Amino acid sequence: MSEGFSITKTYLKFLEEDSEMTMPIAAIEALVTLLRIKNPGTAAEVINSIKSAVDELVKTIPNSVSLRAGCDIFMRFVLRNLHLYGDWESCKKHLIENGQLFVSRAKSSREKIAEIGIDFITDDDIILVHGFSRAVYSLLSHAANNLIRFRCVITETRPSNQGEQLYKLLAEKGIPVTLVVDGAVGSIIDKVDKVFVGAEGVAESGGIINVIGTYPVGVLAHNARKPFYVVTESHKFVRMFPLSSDDLPMENKFLDFTRRPSDSEIKVSGPTIDYTSQEYITALITDLGVLTPSAVSEELIKMWYD
């Protein structure tokens, strides 16, 4: 059975089966499954198996920033626990059982974020949201359930059109919502009270990697002196230190000006994610609490070395 095991197929299967699962959690689930099926015989085999699986995932999954965060967390978990047991079988059992426990706790992090973040939403707020984030939706839904009266402006978030997904969910929830084109943000920023975005990854500097268009929204919010809040799970904290979007690992990083005779339709080129640096971020609302961008590096140090 272990011979036919594919870490990429297993990862994609977890995402397909659970629409609420984030990429880091799917990565951890896949790595736990790897240990169960491969059944490595020594600690060295465990580490090598995980490293090989992580390399394969990063190479085969495009825009794998948040996936890397999950892989980093699981590797840290394994390295911290390998030396705690005298015999290898007990250690292996502990890794698998506690890996599954970690996954279940991470899944509940959005509920904790909603409880913490509700203080940031008040009656009569007009909230601008860019992109689709399960954590952001969980927070807005929780606020509506607590009878807070607010309105939302959602950007289309082209080319993925993530905004349409969030728009439909909020409308079904009975929350007053409108959908605007991405280019309208500059014209309406003065009419909103605050901005909420999610994150695919949170860098060591406290800056965020997220769907394309987040950076210009952050700049506009900063210039208009509107609070810019990042709503995200702590398992998306990743050991990266990009200085700009050019430093991000992604496909279609550069503009493509080539034209081919076979091209029968206009194609959109360019990056699909961008980097918003810490100076544009007011605070991060996470399951660890409300953090300033500078506190992210401290939390990463705790996660890795405490």
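Here's the yes/no breakdown for (1) hydroxyl-bearing (Ser, Thr, Tyr); (2) at pLDDT 95 or above; (3) in contact with a Gly (Cβ under 8 Å, 6 or more places away or on another chain):
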| residue | (1), (2), (3) |
| --- | --- |
| Gly206 | no, no, no |
| Val217 | no, yes, no |
| Arg225 | no, yes, no |
| Pro242 | no, no, yes |
| Met250 | no, no, no |
| Lys267 | no, no, no |
| Gly270 | no, no, no |
| Ser297 | yes, no, yes |
| Trp304 | no, no, no |
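Return the pairs, sorted by first residue and then second, in which the second residue is of a type in the set (Gly, Ala, Ser) and in a strand (DSSP E or B), the first residue lies in segment 228-240 and is under 12 Å from His130 (Cβ atoms) and open to solvent by 10 Å² or more (accessible area, probe 1.4 Å), the beta carbons are less than 8 Å apart, and the residues are 6+ apart or on different chains.
Tyr229/Ala283
Return only the number of the condition from (1) surrounded by 19 or more Cβ atoms within 10 Å (Cβ to Cβ); (2) touching a residue at least 40 places away in the same chain (Cβ under 8 Å) that Val177 does not satisfy.
(2)
Name the pairs whose Cβ atoms lie under 6 Å apart, with the first residue in segment 151-164 and basic (Lys, Arg), the second open to solvent by 50 Å² or more (accessible area, probe 1.4 Å), and 6 or more positions between them or separate chains?
Once the first residue is basic (Lys, Arg) and sits in segment 151-164, its partners that are open to solvent by 50 Å² or more (accessible area, probe 1.4 Å) give Arg151/Pro176; Arg158/Asp182.
Has segment 213-227 got any residue that is under 18 Å from Arg134 (Cβ atoms), of a type in the set (A, V, I, L, M) and assigned by TED's automatic domain parsing to the domain that holds Tyr137?
no
Could you check segment 142-166 and list, in sequence order, the residues that are in a loop (DSSP other than H, G, I, E, B), in contact with a helix residue (DSSP H, G or I) (Cβ under 8 Å, 6 or more places away or on another chain) and open to solvent by 10 Å² or more (accessible area, probe 1.4 Å)? Let's see the steps before the verdict.
If we filter segment 142-166 for residues that are in a loop (DSSP other than H, G, I, E, B), which is where we start, we get 146-149, 156-161.
Add one more test, that the residue is in contact with a helix residue (DSSP H, G or I) (Cβ under 8 Å, 6 or more places away or on another chain), and what stays is 146, 148, 156-158.
Matches in segment 142-166: Asn146, Ile148, Glu156, Arg158.
Give the residues of segment 44-59 that are closer than 9 Å to Thr8 by Cα and either open to solvent by 70 Å² or more (accessible area, probe 1.4 Å) or more than 25 Å from the chain's Cα centre (by Cα) (or both), sorted by residue number.
Step one: filter segment 44-59 for residues closer than 9 Å to Thr8 by Cα, giving 53, 56-57.
The one that is closer than 9 Å to Thr8 by Cα and either open to solvent by 70 Å² or more (accessible area, probe 1.4 Å) or more than 25 Å from the chain's Cα centre (by Cα) (or both): Glu56.
Working carefully through the options Leu128, Leu169, Leu139, find the one that is buried (at least 23 other Cβ atoms within 10 Å of the Cβ) and assigned to a helix (DSSP H, G or I). Show your work before the answer.
Values: Leu128 fails: assigned to a helix (DSSP H, G or I); Leu169 fails: buried (at least 23 other Cβ atoms within 10 Å of the Cβ).
Only one candidate qualifies: Leu139.
Evaluate segment 4-11: report whether one residue or more is within 18 Å of the chain's Cα centre (by Cα) and either at pLDDT 85 or above or assigned to a loop (DSSP other than H, G, I, E, B) (or both).
Of all residues in segment 4-11, those within 18 Å of the chain's Cα centre (by Cα) come to 11.
The next check asks that each one be either at pLDDT 85 or above or assigned to a loop (DSSP other than H, G, I, E, B) (or both); those that pass are 11.
Scanning segment 4-11, I find at least one residue that is within 18 Å of the chain's Cα centre (by Cα) and either at pLDDT 85 or above or assigned to a loop (DSSP other than H, G, I, E, B) (or both), so the answer is yes.
Of Val197, Val103, which residue is modelled with pLDDT under 95 and either surrounded by 22 or more Cβ atoms within 10 Å (Cβ to Cβ) or assigned by TED's automatic domain parsing to the domain that holds Asp72 (or both)?
Details: Val197 fails: modelled with pLDDT under 95.
Only one candidate passes the filter, namely Val103.
Mind telling me which of the residues Ile121, Ile126 ends up being more than 23 Å from the chain's Cα centre (by Cα) and either closer than 17 Å to Phe228 by Cα or not assigned by TED's automatic domain parsing to the domain that holds Thr22 (or both)? Before you say what the answer is, go through the steps one by one.
Values: Ile121 fails: more than 23 Å from the chain's Cα centre (by Cα).
Answer to the check: Ile126.
Right, Gly183: assigned to a helix (DSSP H, G or I) and not hydroxyl-bearing (Ser, Thr, Tyr) or not? Reasoning before the result, please.
Working: assigned to a helix (DSSP H, G or I): yes; not hydroxyl-bearing (Ser, Thr, Tyr): yes.
The answer is yes for Gly183.
Scan segment 200-222 residue by residue and report those that are open to solvent by 50 Å² or more (accessible area, probe 1.4 Å) and either part of a strand (DSSP E or B) or out of contact with any Leu (no Cβ under 8 Å at 6 or more places or on another chain) (or both). Show your work before the answer.
Of the residues in segment 200-222, the ones open to solvent by 50 Å² or more (accessible area, probe 1.4 Å) are 204, 215-216, 220, 222.
Selection gives Tyr215, Pro216, Leu220, His222.
If you check Gly174 against the conditions, is it assigned to a loop (DSSP other than H, G, I, E, B) and in contact with a strand residue (DSSP E or B) (Cβ under 8 Å, 6 or more places away or on another chain)? Please lay out each step first, then the result.
Values: assigned to a loop (DSSP other than H, G, I, E, B): yes; in contact with a strand residue (DSSP E or B) (Cβ under 8 Å, 6 or more places away or on another chain): no.
Here the answer is no, as Gly174 does not meet what is asked.
Tally time: how many residues in segment 34-57 are among the hydroxyl-bearing types (Ser, Thr, Tyr) and touching a residue at least 24 places away in the same chain (Cβ under 8 Å)? Steps first, answer last, please.
Initial filter on segment 34-57 (among the hydroxyl-bearing types (Ser, Thr, Tyr)): 42, 49, 52.
Restricting the remaining residues to those that are touching a residue at least 24 places away in the same chain (Cβ under 8 Å) gives 42.
So the count comes out to 1.
The values are calculated or read from the model by the stated rules, or taken from the named source; none is laboratory data. The shown structure was predicted, so the numbers you read here are calculated from the model rather than taken from an experiment. A quick note on method: Cβ atoms are made from the backbone with ideal geometry, for glycine too, and the neighbour counts reach across all protein chains shown. Heads up: the accessible areas ignore ligands, DNA and RNA and are worked out on the full protein's heavy atoms, side chains in. Shrake-Rupley method; radii C 1.70, N 1.55, O 1.52, S 1.80 Å.
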